[in-house]
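First up is the structure itself, then whatever we jot down about it.
The values are calculated or read from the model by the stated rules, or taken from the named source; none is laboratory data. Because the structure is a prediction, the values reported are computed rather than measured. Ideal geometry is used to build each Cβ from the backbone, glycine not excepted, and the neighbour counts take in all protein chains shown.
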Amino acid sequence: MFDKQNISDAISVLKQQFGERLTEATSVRQHHAQSTTRMAQQLPDAVVFAHSSQDVSDILKICNRHKCPVIAFGIGSSLEGHVNAAHGGISIDMNNMNSILQVNNEDLDAVIQPGVTREQLNEYLRDSGLFFPIDPGANASLGGMAATRASGTNAVRYGTMKDNILALEVVMPDGRIIRTGTRARKSSAGYDMTRLFIGSEGTLGIITELTVKLHGIPEKIAGGICSFPTIKAACDAVISVIQFGIPVARIELLDALQVKACNGYSGLTLPEEPLLLIEFHGTEASVAEQAESFGGIASEHTESEFVWTTNTEERSKLWKARHDAYWASMSLMPGAVSVSTDVCVPISRLAECVELTRIDMEEHGIMSPMVGHVGDGNFHCLPLTMPDDDKMQQAITDFSKRLSKRAIDMGGTCTGEHGIGQGKQAYLLDELGDTVDFMRQIKTSFDPNNIMNPGKIFLS
């Protein structure tokens, strides 16, 4: 599809312009095709370290002229093969573009470069009384989070990346630098180009600047845990909480196996039963009221006590364990590889979908902890298998297909927050039908030479 000589010619021109900022070293190329899941690596032919939007523009002009593939690289925390170089080409490392350019306290927004991570931004904002709420667990780059339309634990209260970005600066395949919007909180000026690039996975252009919404740090934060006899009971409690309109900030589900993993990895002593981990944001009076309301609802589904606290250290320990859930899961089967996957369904179908998924895994002998940002109907499975167990790997592949179909049949999606990448291309057509044809047309219109992260989102 792509001519190797063209790629080689592009690298030669880039070497002349970028010198030592371009490398063909195997170890660096391997790092820029890394994955935290089972997906096989596909290495770029070279890596270029960008320092500015103009650098990215110059790289794309050269690559477009030579019809050379380009893949943007942030932290490398994506889960569906987004940074794999499916056809070789150039990986653009964005990590040096990590400046916080502007914080507008009065307007509750900030202008940042794409290499800024969520932890870096929130550390910078700490003294301002503001924070950026989107928390996918990993300390991902904000550019990567925008490109994959990430969300995470706070989504039930604060939304996802698409809800917290006002505008983007994007370098187009031909090297032109465009802005998709302004700092205004709303606009009806033509097509919503900002939302078009959010979730485009680097297939339309490369994000080089973001204008993001900020929120005030709550006066009081309370967190709590409650165990349940079954996953269904826990999910039914979540449904009731959401339907009653209790403004929880975070509500996370851990199944019994995940609780066991967290106990071992993080040194906890939680009952090894399905668990809800909840957080409330507000005033001292409002969080107490929310906690009391949640406890009342939970008591209808479990005999276990809902225990909550405003102690920062106690809350942080629990959420640290939740953020380490992936590594905790991997410790259940040392040497294993994983196939992290997620789906999202309407909240009314959550309990049914989770229960059917649990039964499915048990029937096929699949070891897989389950966790979920269940306040918005989203949950994750992490099937584990040894690298040489071909039979189990096939069983997991078949399971993933059934899970995606189950979610779609329930009016949900095959990917709540991981994106399509390479891993879920097969399910996109099932979910969106003829809409995919129009997505392809947008891709072709923006990127006629197909140099932007080719081999992602769409099946060839």
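Some notes on this structure:
- Those helices (runs of 4 or more DSSP H) lying entirely in region 1-115 with at least 1 residues crowded, with 23+ Cβ neighbours inside 10 Å: 4-18, 53-65
- Some residue of region 363-375 being under 30 Å from Ala249 (Cα atoms), outside the structural domain of Leu60 (by TED's automatic domain parsing) and among the acidic types (Asp, Glu): no
Residue-by-condition table, conditions (1) under 28 Å from Asn64 (Cα atoms); (2) modelled with pLDDT of 95 or more:
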site: Glu355; (1), (2): no, no
site: Ser368; (1), (2): no, yes
site: His373; (1), (2): no, no
site: Gln393; (1), (2): no, no
site: Gly411; (1), (2): no, yes
site: Lys424; (1), (2): yes, no
site: Leu429; (1), (2): no, no
site: Val436; (1), (2): yes, yes
site: Met452; (1), (2): yes, yes
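- Any hit, region 347-361, residues being under 16 Å from Leu257 (Cβ atoms), part of a loop (DSSP other than H, G, I, E, B) and of a type in the set (A, V, I, L, M, F, W, C): no
- Every residue from region 166-192 that is closer than 20 Å to Val111 by Cα and either crowded, with 17+ Cβ neighbours inside 10 Å or in contact with a helix residue (DSSP H, G or I) (Cβ under 6 Å, 6 or more places away or on another chain) (or both): Leu166, Ala167, Leu168, Glu169, Val170, Val171, Met172, Ile177, Thr180, Gly181
- Taking helices (runs of 4 or more DSSP H) as the structural unit, those lying wholly within region 239-340 and holding at least 2 residues that are within 29 Å of Gly81 (Cβ to Cβ) correspond to 256-266, 312-323, 325-330.
- From the options Ser400, Ser404, residue that is touching a residue at least 12 places away in the same chain (Cβ under 8 Å), of a type in the set (Gly, Ala, Ser) and more than 17 Å from Gly81 (Cα to Cα): Ser404
- Residues in region 230-285 that are touching a residue at least 12 places away in the same chain (Cβ under 8 Å), under 30 Å from Gly216 (Cα atoms) and surrounded by fewer than 17 Cβ atoms within 10 Å (Cβ to Cβ): Ser240, Gln243, Phe244, Pro247, Thr283, Glu284.
- Val259 being within 24 Å of Asn139 (Cα to Cα) and assigned by TED's automatic domain parsing to the domain that holds Pro369: no
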